[in-house]
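This report concerns only the one structure given below.
The values are calculated or read from the model by the stated rules, or taken from the named source; none is laboratory data. Since this is a predicted model, take the numbers as computed values, not measurements. So basically every Cβ, Gly included, is an ideal-geometry build from the backbone, and we count neighbours across all protein chains shown.
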């Protein structure tokens, strides 16, 4: 069964009209209809809207157990179940983090808030939602791990390098996304996953302007890291 058939089955299982489904994922009815009819490929904004609305990625649909028609909840039961779901807002910062070397911050105001199911955040990311923020990657230097323009969820409570991972850091006026490896108490290595960009070893005592803003814990394509 292809992904479009899974989507159709999922929409039916939720007692949704296509127009209602489109509204839930914040896209126009005509745009969603073109995707569901196979006239348009499933886009990144479709995937983002789906995951924000339902708490899991489109790619996970084939592995979800859908309720058979004879076992559907009644409308009232379904409404009560939905009412018990808690959503929380994660700030989307209007800054462009560079995985490369030359992107500078012009504006750090919060651009928007994105809604997520709290139970999904706690179950999948195992993080306090109050510590999370979202920003976009503006370079190809972390490919193939992070694609250009990918949205990243980061945990700001992780502000020290304890284990190797991908971190958001401020270096002077620049926001960077780098894999960081701790070599000693005073030495770290900044690594670009794209081999074209290389590595940089830093003595932290000589670089007091480096500040860890958080650790990347999720790439919006649905890949947990």
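Data overview
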quantity	calculated
Test: residue in segment 80-93 that is touching a helix residue (DSSP H, G or I) at 6+ places or on another chain (Cβ under 6 Å), under 18 Å from residue 218 (Cβ atoms) and either modelled with pLDDT under 85 or part of a loop (DSSP other than H, G, I, E, B) (or both)	yes
Which numbered condition residue 61 fails, given (1) at pLDDT below 90; (2) in a helix (DSSP H, G or I); (3) farther than 23 Å from residue 151 by Cα	(3)
The lone exception for residue 123 - which of (1) touching a residue at least 24 places away in the same chain (Cβ under 8 Å); (2) closer than 27 Å to residue 86 by Cβ; (3) within 16 Å of the chain's Cα centre (by Cα) it fails	(1)
Residues located in segment 144-161, provided they are closer than 24 Å to residue 45 by Cβ and crowded, with 18+ Cβ neighbours inside 10 Å	145, 146, 150, 152, 153, 154
Hits in segment 162-216 - residues which are surrounded by 19 or more Cβ atoms within 10 Å (Cβ to Cβ) and either touching a helix residue (DSSP H, G or I) at 6+ places or on another chain (Cβ under 7 Å) or part of a loop (DSSP other than H, G, I, E, B) (or both)	188, 192, 197
Set 69, 129: member being in contact with a strand residue (DSSP E or B) (Cβ under 6 Å, 6 or more places away or on another chain) and either modelled with pLDDT of 75 or more or farther than 16 Å from residue 52 by Cα (or both)	129
